[in-house]
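*Asks:* Mind having a look at this structure? Questions to follow.
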Amino acid sequence: MKDKFIRNTLILTAVAAIVIAVPMVLIYLGVIDGYVSQIVTQAGLNAIMAISVNMVCGITGQLSLGQAGFQAIGAYSVVLLTSSCHVPLPISVILGGLVAAFFGFLIGFPTLKLEGDYLAIVTLAFGEIIRVVLVNLKSLTGGPNGMQFSTIFTTSLDYGATLSYLAIIGTLVLVIVLLQNFIRSTYGRAILAVREDEVAANSTGISVFRYKMIGFVVAAFIAGIGGALYAPFIGFIKPDMASFNNSITHLTYVVLGGMGSVTGSVVAAFVMTILLESLRILRDYRLLFYPLILILVMLFRPQGLLGKRELSFVRTFDKITSLFKNKKAGKEG
């Protein structure tokens with residue numbers, strides 16, 4: 001058992017190192033230009049937000065339409081903490097996630113006893129409240145004009161793209177690893193039990209409200225981290241971050257990738273971000289591809305690209321090694 005754990009850890013560590021290090025070196029050497037690296041990094045940000053939405057909608061089983069509000073809270077928190085309080089950026093990013101998680105607790109405590117459409121309406125209202133508050137607190141948030149945020153990510157042409165990729169894709173990989181381990185833990189299994197059947201989970205002694213709250217707060221924390229990374233990467237934030245359209249865009253990634261599949265959401269976020277950017281020549285008409293692709297997926301694969309399944313590098317490695325072993329055994333035979 002211990003040997004298997006060490007083997008799986010080594011495989012995942014090697015894959016993570018390749019995903020993070022190789023493109024980063026290519027960006028630094030200029031093989032990948034700034035435009036491509038920015039698109040990939042933006043896709044990483046979208047993937048983090050897709051994971052947040054999937055955590056609450058696909059894994060916890062609650063329909064939330066306000067994750068963009070938590071993203072905005074994380075973004076504004078990191079700007080204010082870094083600019084006004086002179087907190088180092090890495091610490092500000094973590095604090096931005098914690099502030100979003102705190103607001104997730106405040107919103108979730110009175111509303112998670114609701115279900116279905118009612119919860120969706122409340123979270124939608126929360127996102128709009130955040131947007132209106134950010135618009136009207138002009139002295140603190142810059143009002144509807146937003147706020148500029150200059151860091152080494154945006155001011156350094158030589159190292160900005162490399163640092164952006166390292167910070168965002170590295171965070172994405174870390175979030176995936178930690179969330180997968182969380183889902184396999186006792187808390188994660190309880191959350192999945194609540195998602196499948198609340199009555200059955202309650203009858204076995206699982207506190208339905210408690211585990212709904214844990215899932216909702218974790219999702220808010222991830223969204224806050226996504227917003228906290230968005231601010232230094234883009235260099236400009238505005239209240240429209242908390243808009244309903246932004247939340248729907250993130251939900252679209254989850255629907256396309258598969259409700260309950262973390263890696264499916266990541267794949268969908270990267271595919272849709274790169275696809276829409278490659279179709280920029282069509283101008284505003286490229287936005288027609290969102291509903292078109294969504295309609296086609298709902299018609300021919302309503303469960304999404306992966307459904308509730310996960311991409312597993314360990315299983316892929318095992319299949320490849322077993323294939324080579326079978327070929328070798330066939331030749332020897």
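The values are calculated or read from the model by the stated rules, or taken from the named source; none is laboratory data. Note that the structure is predicted; figures quoted are calculated from it, not measured. Using ideal geometry, Cβ is built from the backbone for each residue, glycine included, and neighbour counts are taken over all protein chains shown. Keep in mind that these areas ignore ligands, DNA and RNA; they rest on the heavy atoms of the full protein, side chains included. Shrake-Rupley method; radii C 1.70, N 1.55, O 1.52, S 1.80 Å.
*Asks:* Find the relative contact order for the chain and round it to a whole percent, using C-alpha pairs within less than 8 Å whose residues are 6+ positions apart.
*Replies:* 31
*Asks:* Could you report the chain's accessible area per residue, 1.4 Å probe, as an integer in Å²?
*Replies:* Here the residues of the chain average 52 Å² of exposed surface.
*Asks:* Order T111, T249, T13, most accessible first, counting only protein heavy atoms with a 1.4 angstrom probe.
*Replies:* Descending accessible area places them as T13, T249, T111.
*Asks:* Counting only residues 5 or more places away or on other chains, whose amide H sits under 5 Å from the amide H of G304 once H atoms are built in the peptide plane?
*Replies:* For G304, whose amide H was placed from the backbone, there are no distant partners under 5 Å.
*Asks:* Sequence gap at least 6, Cα distance under 8 Å: using those rules, report the relative contact order of region 51-99 to the nearest whole percent.
*Replies:* 30
*Asks:* Rounded to the nearest 500, what is the chain's calculated 222 nm mean residue ellipticity when only DSSP H runs of at least 4 contribute -39500 (n - 2.57) each, over all residues?
*Replies:* After summing the helix terms and dividing by residue count, I get -25000 deg cm²/dmol.
*Asks:* Have a look at V53, L288, A101 and report the one farthest towards the positive end of the charge dipole of the chain, computed about the Cα centre with Cβ charges (Lys/Arg +1, Asp/Glu -1).
*Replies:* Of V53, L288, A101, it is V53.
*Asks:* Extending each Cα 7 Å along its Cβ direction at D197 and N245, get the distance between those two points in nm, one decimal.
*Replies:* 4.4
*Asks:* Please list F182, F216 in order of solvent-accessible area, largest first, computed with a 1.4 Å probe with all protein chains present.
*Replies:* Greatest to least solvent exposure: F182, F216.
*Asks:* Roughly how much of T186 is accessible, in Å² to the nearest 10, using a 1.4 Å probe?
*Replies:* Approximately 110 Å² for this residue.
*Asks:* Contour minus end-to-end for Q180 and L26, with contour as 0.36 nm per residue of separation and end-to-end as the Cα-Cα distance?
*Replies:* In short, 52.6 nm is gained.
*Asks:* Could you report the accessible area of D284 in Å², rounded to 10, computed with a 1.4 Å probe on the protein chains as they sit in the structure?
*Replies:* Probe radius 1.4 Å; accessible area of D284 about 120 Å².
*Asks:* Report the number of Lys pairs in the chain whose alpha-carbons are under 26 Å apart, with separation of 8 or more residues or on distinct chains.
*Replies:* Within the chain, the lysine pair count is 15.
*Asks:* Then there's this: Which sequence of M259, M24 reflects their accessible areas, 1.4 Å probe, from the largest down?
*Replies:* Greatest to least solvent exposure: M259, M24.
*Asks:* Carbon-plus-sulfur fraction of the accessible area of the chain, 1.4 Å probe, in percent?
*Replies:* Percent of accessible area from carbon and sulfur atoms in the chain: 69.
*Asks:* State the extension gain, in nm to one decimal, for the chain segment bounded by E277 and L296, taking 0.36 nm per residue of separation less the distance between their alpha-carbons.
*Replies:* 4.8 nm
*Asks:* Can you compute the equivalent ellipsoid semi-axes for the chain, i.e. the square root of 5 times each eigenvalue of the Cα gyration tensor, sorted largest first and rounded to whole Å?
*Replies:* Listed largest to smallest, the semi-axes of the chain are 32, 27, 20 Å.
*Asks:* Per residue of region 235-249, in order, report the coupling 6.51 cos²θ - 1.76 cosθ + 1.60 (Karplus, θ = phi - 60°) as ³J(HN,Hα) in whole Hz, putting x for Gly and Pro.
*Replies:* Going residue by residue, I get x, 7, 10, 8, x, 4, 4, 8, 6, 4, 4, 5, 5, 5, 4 Hz, with x marking Gly and Pro.
*Asks:* Using Cα pairs closer than 8 Å and at least 6 residues apart in sequence, work out the relative contact order for region 118-239, in percent.
*Replies:* Relative contact order, region 118-239: 38 percent.
*Asks:* Ok, one more. Collect residues whose amide H, placed 1.01 Å from N in the peptide plane, falls under 5 Å from the amide H of F236; neighbours closer than 5 in sequence don't count.
*Replies:* For F236, whose amide H was placed from the backbone, the distant partners under 5 Å are F149.
*Asks:* With the dipole of the chain worked out from charges on the C-beta (+1 for Lys and Arg, -1 for Asp and Glu) around the Cα centre, which of G235, S247, M24 lies farthest toward the positive end?
*Replies:* M24
*Asks:* Take every Cα-Cα pair in region 100-246 and report what % of them are more than 22 Å apart.
*Replies:* In whole percent, the share of Cα-Cα pairs in region 100-246 beyond 22 Å is 54.
*Asks:* Can you list residues from other chains, or at least 5 along the same chain, whose modelled amide H is less than 5 Å from the amide H of R309?
*Replies:* Here the answer is none, since no amide H 5 or more places off falls under 5 Å of that of R309.
*Asks:* Right, something else. For the chain, what is the charge dipole size about the Cα centre, in debye to the nearest 20, if Lys and Arg each add +1 at the Cβ and Asp and Glu each add -1 at the Cβ?
*Replies:* Its charge dipole is roughly 900 debye.
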